[in-house]
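Just below is one structure, and these are the notes that go with it.
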């Protein structure tokens, strides 16, 4: 039989083809588990029926303000119920959610409001001091809605022409939202916190958001009704799509405005939190909590971390504290995590140092990512799986962004040759697990030899007095570049630059050892990443 | 901003758009968990690396025989490793897998080989006695490959021109299979075992198979590395897509040629089976096992059942035996199960009879099914959610078939108005859970009143002497039709027709009570469903 027989009179129609979208997850949870707790925030408790109703009211209110398909709704919000509602209510109108990083400066926020042509800005009262100057700087003038979170009692003005709760009160609880016309329609816009040049606007679509949301559940083996603590900012890759994942399994969102140890331990103990995500700084906050802020955990809590490989000491301490740490990896362009250090049970039998070394690897593709490989950036040939040969980490699949908004050259460059070029350098181990060695721009080239700053940092982290460390290239007349280390010491600990360098000589080839060591607090980005571009400036001045 | 900005220069390309397919699940499992046990069959143990290699060898062997995109490969096989391999190896060539029901007669098998234009038939030696006459009857002459399962030591001839294992041994273990060109491409063909007329060929596509396979995991809350016992025939809706689901979570398939109590208890005890699926007959087989065939269960085992609502007594007995029963519902046209009786924890507190009544409802849509409703078949208006008003159960979404092969009129009728018409009649309860009341053709209309045969059967099942029961319409001059009951008594139990009718009068409105009761063994289809069309013939003769 020819392929034609399997195509003739077997077309897509509304009965057998619907656009993939994560929005239906909430509709289903509200239908099947209307009374289940969906959202906890301070004294606020909302069921799935209420969560869904509020999302529809938000969509209705936005529609009344003229928001529709292809419009941008920017939000400057903490991890609140309103922020969760925006993840549904905004796309329910056909509009695109643009979550802004609340830790950025007014200039970048203003740039984003202009570039994304935000029609509406919803701003938490706490961030009025950021929103107000950003609006002054922006040429574009969005409709401004204040979100005055009752749990927030700090300073901040109401600066908008509308109040969020007033709008919702007047809106239609039965608003007839509709799935996207096409699953390729944009659902959200996330500006990268680029260290050079203007931020790029990463566009996600409904198909990818649906698939990654389910991918979180399958890849992370999430059972029904998890209790998810919001330590990861939702403005960061839409909270790795967990605002959508949790609805698919009718779990409970525990909101959190600020990542503080006491609030985390209280949430875990009081609400039975099962899962949380965060950068390494969140683990440090938990582990360094003073005894009076700690509470016993009701069960083993799953902690998903990304941004930096978890060091052995942290893993051991987390396990001792009752957390199981899983290492994820991804980029804004890949909907957040799309790579997992998928744990092989046999590895748990290894000595802790070996197990930690295995867990430091970024790992393998998420189930919904079709391909992940380390390729020669010139030829796109895969590097040998030898754990040594470096190449660029590349992604291919349905959880890769639609592209950069209004930036065709950057989109073309990112997708050259049919792969998404991450800009991260890494190796592929014999078992296919990939491991990052550096960002392209973070590699140090000294006397013609490539030095992985991560490798040097790993050695520094193993020093008993070192709390945190970062290594960057320092221009050098003779060698081109040499490694320069920036070190944060543990409270009460002491070390000299000579001791640190001697330690490195014990653990690294000589050419990889830092020539200079600077003791300082490390500058971090709003998402907890160390700002190497600042360190590079500092290194030049050493 | 206009929608255009979110579309311009943001097109699909190989880096960000790949066809959805379940085939990549196996490739991933083999890459990430190469050593994990994938398949157990008698003394056979195969890792994921081996399973994947054999699937690629099968694809290579078929390609050498000329099989390619849009060709049909029919298989007449038991639940064996070869059958699992066919679920991957056949579509890896671009061909379509047509699993044939081994319990059908040669005429229907021959019809299927002709209608599906099978290019290849792979037949288990046990079914040579069925395949040989079917091939004689068929006008089409496929290439025949014998699958000579070493675990099978019964009678049966080798009838093909090729041997499965010999072909695989000569094939390419690194065969470069490719995802489908389009996710709408057909992946499998399943003939319905229609009770009237020619079977219809239900076509599944890669997109739907991918989504339902993941839907099984999310909806059924399957953790990583389940151990799945093959009590459900894989020729039945591709084993409800579980051949693909299990790879996505790198679980273990435990094959089983025949559903026998001892083999099931042994598999559960020896291999730590966590999940199995089956019609009610499988539950009866487990519960009626003699003591010497039973083994203690190592943990609570998840049992997914469909085809008929589990009666209270069976649920209680299954719980007592250590099984947790979940009730699913679907049709061949919906990839098997696409509706789940999603359990609300609060219901577990109810008295057993109430809980069983709730579990008897078919339930709510699977996560990947976009819509499920009970509609007036004429107007397509939803019936009120009152638990009383009957309508036709209809489906809409990505896990609804592509259509019927070479049968445009049936496809058009099935999809009229943008909904898939199931032909099942039911009601919608206040909480949105649907409950089947009957197949359209199984409804009994007596004196102008509709009688649900299921309701009468429920009453019969509650009688302490009744093992199984089925009720059909018997033509009646005065009433049009009256209910006629066919009853299987429990071993050693006794009852008269008068006692049974009196029992019904206590539990049902008078007009719903059977006028005739026949004690007999109930005729069942190859998939364990009671053959009501035969009972109708018998009823006419009463």
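Values computed for the structure shown
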| item | result |
| --- | --- |
| Size of region B:381-438 as Cα extents on the principal axes (Å, biggest first) | 39, 20, 18 |
| Segment residue B:346-residue B:533, length gained on full extension (0.36 nm per residue, minus Cα span) | 63.3 nm |
| Cα-derived Rg to Rh of the protein assembly as shown, Kirkwood definition | 0.99 |
| Value of [θ]222 nm, deg cm²/dmol, for chain A, DSSP H segments ≥ 4, -39500 (n - 2.57) each, nearest 500 | -8500 deg cm²/dmol |
| Region A:148-236 - Rg over Rh from alpha carbon coordinates, Kirkwood radius | 1.02 |
| Tilt relative to chain A, helix A:261-271 - C-alpha long axis, 0 to 90 degrees, to 10 | 50 |
| Size-normalised alpha-carbon gyration radius of region B:443-541, reference 2.2 N^0.38 Å | 1.00 |
| Mean projection area, nm², convex hull over Cα of region A:224-322 | 6.0 |
| Added length on full extension, which subtracts the Cα-Cα distance from 0.36 nm per residue, residue A:221 to residue A:49 | 59.3 nm |
| Quotient of C-alpha Rg and 2.2 N^0.38 Å, computed over region A:356-478 | 1.18 |
| Mean separation of Cα contacts under 8 Å, 6 or more apart, over the residue count of region B:443-541: relative contact order % | 28 |
| Crossing angle, helix A:532-541 versus chain A [Cα axis fit, 0-90 degrees, rounded to tens] | 40 |
| Model label zone, residue B:292; criterion: amide N under 15 Å from point 7 Å along Cα-to-beta-carbon; scope region B:254-273 | B:261-263 |
| Label distances, nm, residue B:139 versus same residue in remaining copies, Cβ-directed 7 Å point | 7.2 |
| Modelled FRET efficiency - R0 30 Å, residue A:170 with residue A:129, Cβ distances, 0.05 increments | 0.60 |
| Region B:400-499: relative contact order in percent, alpha carbon pairs under 8 Å with at least 6 residues between | 17 |
| For region B:34-134, radius of gyration divided by Kirkwood radius, i.e. Rg to Rh on alpha-carbons | 1.00 |
| DSSP bridge orientation in the protein assembly as shown - percent antiparallel, rounded to nearest 5 | 55 |
| Chain B, relative contact order in percent, only Cα pairs under 8 angstrom and at least six apart counted | 10 |
| Longest to shortest principal axis, alpha-carbon extents of chain B, angstrom | 70, 68, 51 |
| Taking N as its residue count, the alpha carbon Rg of region A:259-440 over 2.2 N^0.38 Å | 1.15 |
| More than 17 Å apart - percent of Cα-Cα pairs taken over region B:311-380 | 52 |
| Efficiency of FRET from Cβ geometry, residue B:357 and residue B:499, R₀ 25 Å, rounded to 0.05 | 0.55 |
| Scattering profile of region A:9-74 at q = 0.17 Å⁻¹ [log10 I(q)/I(0), Debye over alpha-carbon scatterers] | -0.81 |
| Volume per residue of the C-alpha convex hull in region A:45-207, rounded to whole Å³ | 110 |
| Nm distances between copies for residue B:475, ranked from closest, using label points 7 Å along Cα→Cβ | 10.1 |
| Label geometry 7 Å along the beta-carbon vector: residue A:520 inter-copy distances in nm | 9.2 |
| Gain on full stretching of the segment that runs from residue A:507 to residue A:4 - 0.36 nm per residue minus C-alpha separation | 174.7 nm |
| DSSP beta bridges in chain B [antiparallel fraction, %, rounded to 5] | 55 |
| Coarse-grained scattering of region A:476-528 at q = 0.14, 0.19, 0.26, 0.27 Å⁻¹, given as base-10 log I(q)/I(0) from a Debye sum over alpha-carbon atoms | -0.46, -0.76, -1.05, -1.08 |
| In degrees, nearest ten, helix A:128-137 long axis to first principal axis of chain A (Cα) | 90 |
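Taken together, the values in this text are just the output of simple stated rules run on the coordinates, not laboratory data. No experiment lies behind these values; they were computed from the predicted model shown. Note that each Cβ is placed from the backbone with ideal geometry, even for glycine, and that neighbours are counted across all protein chains shown.
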